[in-house]
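Data first, discussion second: the structure below is written as structure tokens.
The values are calculated or read from the model by the stated rules, or taken from the named source; none is laboratory data. For clarity, every value in this text was computed on a predicted model and none was experimentally measured. As a convention, Cβ positions derive from the backbone with ideal geometry for all residues, glycine included, and neighbour counts pool all protein chains shown. Areas reflect the complete protein model, heavy atoms only, side chains present, ligands, DNA and RNA absent. Shrake-Rupley method; radii C 1.70, N 1.55, O 1.52, S 1.80 Å.
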Amino acid sequence: MNNYHYIVASLPVLSRGTEDRAFSLEKVKDEIISQCGDKDVKLIDFFCRIFDGSSLDTSYYRNAGKSPSRFTRLYSKLDRQIRNMMVEESARRLFSPEKADELISRYKVELDADPYGDYREPSDTEADLILSDRQTLSSIFAEEDIVSKEKKLDDFKWDKINSFTTMDFFNIDVILAFLAKGYLVDRWLKLDADKGKHLFRKLVDEVRGTFDKNKLIYAIDENNG
């Protein structure tokens, strides 16, 4: 993935007093797209729709589940599960059982089971929420402080993004994971400067750390012929 080197090289340099203005998601995204082929550009455009809540519906999640991009499949599945769980827990906590059932039925996104799924589509079980995930999310959703709740939820997503890309190095999924984190950074730079700066530094450190590791892998491979 030659584009990965470009992404790392084009990361903005932090300087004191300008951290909250150092990262422009749209600029970085445009630079990434300018270095990609048509196929990857389409994947990026489709994936990024998940961060525009008004664009999400059953059709999006169904198509995302069939994407050739493993990260798109995993992240969209995670996102849908989190949204559904939030709907369920909020409805149960705030409304009567009858009203809660009505709201859950209306707003929960369920996908029709594909009888041929085992043969035609990957299962992507890595994105399934296990018991500890659900316990963590339940605790987050119960937070009364909205800012604290949003911070903890984004930290949960950040860790999941990392777990989804453990074995990815030079491919489109690394770019998509970078952009997913970029959206989190961008949101917090607008909402909370301190949180945004922290996430930005974390993003830079993680990406550059992976970059250095893979330069070493390339050097070893080349030397071994």
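Net charge near Val109, counting Lys/Arg +1 and Asp/Glu -1 over other residues with Cβ under 10 Å of its Cβ? Don't skip to the answer; put the middle values down first.
Details: positive: Arg62, Arg80, Arg83, Lys108; negative: Asp57, Asp79, Glu110.
Result for the local shell: +1.
Relative contact order of segment 56-105: 22 percent, from C-alpha pairs under 8 Å at least 6 residues apart in sequence. A 1.4 Å probe over all protein chains sorts Thr125, Thr136, Thr165 by accessible area into Thr125, Thr136, Thr165, starting with the largest. Sequentially through segment 156-163, phi angles give Karplus couplings (6.51, -1.76, 1.60; θ = phi - 60°) of 4, 5, 4, 5, 5, 4, 4, 5 Hz, Gly and Pro residues having no value and appearing as x.
Accessible surface comparison of Asp38, Asp192, probe 1.4 Å, protein chains only, largest first: the order is Asp38, Asp192.
Using heavy atoms of the protein chains and a probe of 1.4 Å, the accessible area assigned to Asp159 is about 90 Å². At a probe radius of 1.4 angstrom, the accessible area of segment 138-204 per residue rounds to 43 square angstrom. When nucleic acids and ligands are ignored and a 1.4 Å probe is applied, Lys29 ends up with an accessible area of around 30 Å².
Fully extending the segment from Val147 to Asp30 would add 39.2 nm, taking 0.36 nm per residue of separation and subtracting the current Cα-Cα distance.
One equal scatterer on each Cα of segment 45-112, no solvent, Debye formula: the resulting log10 I(q)/I(0) at q = 0.18, 0.23, 0.27 Å⁻¹ is -0.68, -0.94, -1.15.
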